[in-house]
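Read the structure below first, then the notes.
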């Protein structure tokens, strides 16, 4: 048995850098693929444009996208006193399945963050909602129990619309807090990837925002394969690390969905996988650890597939990536499953050995964030040189900013 829990002693001060507010892109470019691209391979940096990616991704690679779709998760209710209460929907509780919850036609319960909660001591909040067909729906919110730092909120509404339809008509896209502005109509399109399909995220997998249908077609013509997983991005992606060391930080849990067809495609490209975004990375690396678990216990129940935060640093024995993914496919066949719906709390930090990916697309991340740790685990100390070069050469940072392609 081997352990690498020394990773918990990593000081977050080592992953700080000066990021002036003017370097944070407040809005996207009018053309998604016009962004700058930092290309890094074999220890060398090169300034390119994102529209050049079909010339940079090796032929035969498999690009893995996260096809989650951002929901209109912010709801604004008003009390009779005029006080505004914000309810930020995080994830469904009853029913717990996203598809079922979005399909409910009378009521459902979600885990939510409540803004201005002191002004909402009791009672039911009501929000009149004008639907697409012009009919008015009364959306009501009632407080339930606390769930950690969040709260259960029971939603109910009339006239038989689905909860998905009600959210579409009443909610707002939750753009990142560091943009320091309200959501605008343009964000409804620009804060979604062109391949988003499965509703459930409260933040976009932003590395994918640069891709257009034309770029993806060019990649296919260049001999690059593509496939998709689903990880619903939670609000925890913006949660700052407040502890001095990473060991004091509790990583957020996010739900993932992966098909058996995808796993077989992954196995066929196992030496040439490039992840689009940190959410795809966490999904792919989590699949490896799930495969390790089921190889050690083929009767493992579905609920035990969940990858805990520090589990990858307590490796019991070496398992090849091919064997791990093959074992996961075998476990699915044994349980007659065509797809896995589970969750991961994986944290990837320096000291972690990547098992699945050989490259990544990603944006520039916030100082002292878990995302910066993930990048450092791939690049080593080279991340400092890359970020300094980006700051010195007018790259745009964070969600609406420029892109990176890192290859081993």
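Check whether at least one residue in the range 33-41 is over 30 Å from residue 121 (Cα atoms), assigned by TED's automatic domain parsing to the domain that holds residue 360, part of a loop (DSSP other than H, G, I, E, B) and out of contact with any helix residue (DSSP H, G or I) (no Cβ under 9 Å at 6 or more places or on another chain), and report yes or no. No, there is no match, as no residue in the range 33-41 is over 30 Å from residue 121 (Cα atoms), assigned by TED's automatic domain parsing to the domain that holds residue 360, part of a loop (DSSP other than H, G, I, E, B) and out of contact with any helix residue (DSSP H, G or I) (no Cβ under 9 Å at 6 or more places or on another chain).
Using the structure shown, decide if residue 351 is at pLDDT below 95 and assigned by TED's automatic domain parsing to the domain that holds residue 306. In short, yes.
Sort out which residues of the range 212-228 are touching a strand residue (DSSP E or B) at 6+ places or on another chain (Cβ under 9 Å) and over 13 Å from residue 274 (Cβ atoms), and write them in order of number. Correct list: 216, 220, 228. The residues in the range 361-406 that are in contact (Cβ under 8 Å) with a residue 60 or more places away in the chain, farther than 21 Å from residue 48 by Cα and part of a helix (DSSP H, G or I) can be counted, and the count is 6. Scoring residue 225 on the criteria (1) surrounded by 19 or more Cβ atoms within 10 Å (Cβ to Cβ); (2) more than 14 Å from the chain's Cα centre (by Cα); (3) under 27 Å from residue 201 (Cα atoms) leaves a single failure, condition (1).
The values are calculated or read from the model by the stated rules, or taken from the named source; none is laboratory data. These figures come from a predicted structure and were not determined experimentally. Neighbour counts are summed over all protein chains in view; Cβ atoms, including those assigned to glycine, are modelled from backbone coordinates with ideal geometry.
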